[in-house]
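What follows is a set of notes on a single structure, which appears directly below.
The values are calculated or read from the model by the stated rules, or taken from the named source; none is laboratory data. Note that this is a predicted model, so its numbers are computed, not measured. Backbone-built Cβ (ideal geometry, glycine too); neighbour counts: all protein chains shown.
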Amino acid sequence: MITGWEMDSDGLGWTLELKQGVQFHGGWGEMTAEDFVWSFEDEIRDGSIHSGIGLARATGAKAEAVDIYTVSIRLDMFNSFFFEAFFGNGSGASTKVFSKKRIETLGVDAAFLDLSGGTGPFVFEKWAQGDEVVLEAFDQYHGTPSRLRTVRILEIKEPATQIAALKSGQVDASLVPAPLAEDVARDPSLGTLAFGVPGSQRLYPQGQFCMETTLAGEPVEPYPRPGYDPSKPWVGECNDPVSQENARKVRM
């Protein structure tokens, strides 16, 4: 959804370039900077349970639509984790962009229950809770079109029944429980694919514990926190602004 970005010269913000031609499902129009800003602000509003709400509040994060495809994000204080937390591919907290028009037209509750409004290669055709989900290819998808026209996802709770459906051809693919993996692998009519869980690795500079209060406003006791280590170049002396600024430059 973001085709390019550039950090501001002071390190306190980013300019994001949005992909053009991204259409929302359900005829809600093209994704614009206005939708992006609305979605970001909704994630950090009062009462939000977004996992990054504390980070957004602590940094004073703000978003602004510069033009139809450009967004400016600004912080009051530098934070090396902010961009990855809200805009990275590996974070479950990454900003989800919704159609502002759709929410305002349907209302929050109705929009939550309505299955339109996505931007992916498939649209919801049917959802029967506890039974199946039916997806249809989205003709206006902004990426490479799917080679599949219709996808049915069945909910089969019993592992043995899952494998029986796989062997009989009722389903084309299924997750295989570990205890049944050898049985499936021995079947010459079936192919197996093993894969790991994707993730990202991060390097965290430790020892920065010059916090007198928590993000919730509670006093930190003891202060500085255990683990505070000003001997490390990325950790500043708590009461020395010059030392703090030098440490910040190292962390950047």
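Within region 95-102, not a single residue is within 29 Å of GLY60 (Cβ to Cβ), modelled with pLDDT under 90, exposed (fewer than 12 other Cβ atoms within 10 Å of the Cβ) and of a type outside the set (Val, Ile, Thr). Only one of the numbered conditions (1) in the same structural domain as ARG149 (by TED's automatic domain parsing); (2) exposed (fewer than 15 other Cβ atoms within 10 Å of the Cβ) is not met by PHE122, and that is (2). Residue pairs whose Cβ atoms lie under 8 Å apart, separated by 6 or more positions or on different chains, with the first residue in region 233-252 and touching a residue at least 60 places away in the same chain (Cβ under 8 Å) and the second exposed (fewer than 12 other Cβ atoms within 10 Å of the Cβ), do not occur. How many residues does region 6-28 hold that are outside any strand (DSSP E or B) and closer than 23 Å to GLY117 by Cβ? Residues flagged as outside any strand (DSSP E or B) and closer than 23 Å to GLY117 by Cβ within region 6-28 amount to 9. Take the residues in region 46-80 that are touching an Asp or Glu at 6+ places or on another chain (Cβ under 8 Å) and among the hydroxyl-bearing types (Ser, Thr, Tyr); name whichever of them is farthest from GLU17 (Cα to Cα). Result: SER48.
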